[in-house]
Amino acid sequence: MDHQHRRSSDRHRSGFSILELLIVLAIFGIVVAISMPVGGAAVSSYKLSGQAHAIAYQVALAKMRAAASFTRARVFIDLANRTYRLEEWNKTTSLWTTDGGIEQLPRLIDFSFGAATAPPPNTQGAIGQAAQCRVGVLAASALVADSSCVTFNSRGVPIDSTGAPTGNDAVYLTDGTAVYATTVSATGMTQLWWTPAQTLSWQKQ
């Protein structure tokens, strides 16, 4: 009896067999393989949403800065380099000056509306990024290539590249799976929208 009991105890102390370890590793590998695409898609979605909210905040901040400083302020978007920044018009130097740093879009996110064919309801007449930026503030000053600007005058009213009030401003972002839009009404109200990239269904955020 003692001999049989000793052999049974030895088996319990010996741990898992190689076969049992291989089965556990195989199950672990399957779980990881299933969860990785889902996790990657979730991270990508959070990145796009975060950038869209950051740009909407910058647009609202530009409006406040313009009114507070009694000057013009804008969100300058470099479409080619996928960057954006807040700028104020310096009346003393007659130059646009950057307020804060230059923000870079994450990889795989672009300033684009992708496959979307129409803007959010009751915003733009036709889908498109905000108008090109100008080097100065006069309508005769040169346009900046590959740029888009949401600009506010000293009263916090959005204006186009000629200085006329506009309700046609928008900034679009996409990663190919979804599209976000920051729109600005003629009164300066900023709204954030979202739609799946392949099925046009704008929803306010």
Report summary line: Cross-link reach from Lys47 to aspartates and glutamates, straight Cα distance under 20 Å and at least 8 residues apart if same chain, gives Asp78, Glu103, Asp110, Asp175
Report task. Order these peptides, 48-57, 145-154, 104-113, by their mean beta-carbon neighbour count within 10 angstrom, highest first. Result -> 145-154, 48-57, 104-113
Report summary line: Straight-line reach check, Lys63, cutoff 17 Å on alpha carbons, 8 or more apart in-chain or any other chain, hits among aspartates and glutamates -> Glu87, Glu88, Asp99, Asp160, Asp169
Report summary line: Among Trp194, Asn168, Ile109, the residue whose Cα sits farthest towards the positive end of the charge dipole of segment 101-197, when +1 is placed on the Cβ of each Lys and Arg and -1 on the Cβ of each Asp and Glu, is Asn168
**Report entry** HN-Hα J in Hz across segment 63-73 - Karplus 6.51, -1.76, 1.60, θ = phi - 60°, x for Gly and Pro
**Finding:** 4, 5, 5, 4, 5, 5, 9, 6, 8, 9, 9
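Only Lys, Arg, Asp and Glu count, each charged at its Cβ (+1, +1, -1, -1), so figure out the dipole size of segment 17-204 about its Cα centre, rounded to 20 debye.
Dipole magnitude for segment 17-204 comes out near 500 debye.
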Query raised in the report: Rounded to the nearest 0.05, what FRET efficiency is calculated for Arg155 and Ile102 with R0 set to 22 Å and r the Cβ-Cβ distance?
Result: 0.20
Report summary line: Residue separation between Ile30 and Thr83 times 0.36 nm, minus their alpha-carbon distance, gives in nm 15.2 nm
Report summary line: One finds, for Ser94 and Met189 with R0 = 35 angstrom and r their Cβ-Cβ distance, a FRET efficiency to the nearest 0.05 of 0.70
Query - Neighbourhood charge, 14 Å Cβ-Cβ cut-off, centred on Arg134 and excluding it, Lys, Arg +1 and Asp, Glu -1 - result: -1
Query - Distance (nanometres) between label positions extended 7 Å along Cα→Cβ at Ser69 and Gln203 - result: 3.7 nm
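Read-outs throughout are calculated quantities, based only on the coordinates presented, and are distinct from any laboratory measurement. If you're wondering where the values come from, they're calculated on a predicted model, not measured in any experiment. All Cβ positions, even for glycine, are placed from backbone atoms using ideal geometry, and neighbour counts span all protein chains on display.
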